Amino acid sequence: MSNILHSQDGGDVLAHVAGNLRRLRAKAGLAQTALAEKSGISRRMIVAVEGGDANISLSSLDRLAAALGVRFADLVRDPAHETRENIDEVTWRGAVTGSEARLLASAPAVAEAQMWLWSLGPGDRYDAEPDPAGWHEMLFVTGGLLTLELAGRTQDYPAGTFAVYSSAQPYAYLNRQAEPLTFVRNVVS
C-alpha cells in the first residue's frame, strides 16, 4: 500500500496524472489497448486513471511513462507550472498524518547523478565554471539563505526552498548572512 498514489483532495496530483496520461497517450498515437499491451498495465486501469477514478502505484506510473517514452515527472506535473524542471507535487501519502513524499523537481540525465552536502560560512562564496552542455544542478536549502548567482543575476533561496537550473553557464553560491548556509546539491549529467 505504501507505494500507491492516493487521491486525498480535489486538487491533488491524480488530476494531473489523468489529464497528462490522456494527452501524452494521444500524442503518442496509442489507443488505450495499445498502451496496455506496451506497458503491462491493464486497459481497465488505464481507463480508470484517465478518468480520475483510480489510485495507482508509483511503479505502474513508471511503466506507463516508459511505454509513452516520457519521464515519470511528465505524468505527475501540474501542466500549469511554468518550467519543465519544477514540479513540487505530493506524489505519496502515508497512513499517518505528516507522512508524504513530494517530488520537487526533475532534470534529464544521461550519464551520472551526484549528491553533495554543501556548507558555506558567513560571507563566503563559491564561483563555478560552466559545466558541459546538458548538465543541470538541483539545490535544496536545508539551513540559512542561499544567494544563487546565474549569469550575473542573483536570487535568494531560504531554507526549505529549491532551485533547478542548467549549470552550463557561469554560476556562484553566496552566503551573505551571519549564519552558516547548508544545502544539498545534485549534479545531473
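When the range 113-188 is described by a simple charge dipole with +1 on each Lys and Arg Cβ and -1 on each Asp and Glu Cβ, the residue from Leu139, Leu150, Ala172 located farthest towards its positive end is Leu139. Only the Cβ atoms of Lys and Arg (+1) and of Asp and Glu (-1) were treated as charged; on that basis the dipole of the chain about its Cα centre amounts to roughly 760 debye.
For the range 113-188, the relative contact order is 50 percent, taking Cα pairs closer than 8 Å that sit 6 or more residues apart in sequence and dividing their mean separation by the residue count. Counting other Cβ atoms within 10 Å as a rough exposure proxy, the listed residues Arg153, Arg63 run Arg153, Arg63 from fewest neighbours to most. Specify the inter-centroid distance of the range 133-164 and the range 13-78, based on alpha-carbon positions, in whole Å. Value for the Cα centre distance between the two parts: 32 Å. Each of Ser39, Ser189, Ser167 has some number of other Cβ atoms within 10 Å of its Cβ, and from fewest to most they run Ser189, Ser39, Ser167.
For the range 9-111, what class follows from the C-alpha gyration tensor (a ≥ b ≥ c being the square roots of its eigenvalues): rounded when a/c is under 1.5, otherwise prolate if a/b is larger than b/c, else oblate? Here the range 9-111 falls in the oblate category.
Using a ≥ b ≥ c from the Cα gyration tensor of the chain (square roots of the eigenvalues), is it rounded, prolate or oblate, where a/c under 1.5 gives rounded and otherwise the larger of a/b and b/c decides, a/b for prolate? Note, shape of the chain comes out prolate.
Summary value for the chain: 20 percent relative contact order, contacts being C-alpha pairs under 8 angstrom separated by 6+ residues.
Rounded, prolate or oblate: which fits the range 87-134, taking a ≥ b ≥ c as square roots of the Cα gyration tensor eigenvalues, rounded meaning a/c under 1.5, else prolate when a/b beats b/c? Mind showing how you got there, number by number?
Values: a/c = 3.31, a/b = 1.56, b/c = 2.13.
It comes out oblate by the Cα gyration axes.
Report relative contact order for the range 12-91 in percent, whole number only (criteria: Cα-Cα under 8 Å, sequence separation at least 6). Before the final figure, lay out the partial values.
On the way: 86 pairs, mean separation 30.7, N = 80.
That works out to 38 percent.
A short reminder: the numbers here are calculations on the coordinates, not readings from a lab. All figures in this text were calculated on a predicted structure; none of them were measured in a lab. Every residue, glycine as well, gets a Cβ built from its backbone with ideal geometry; the counts of neighbours run over all protein chains shown.
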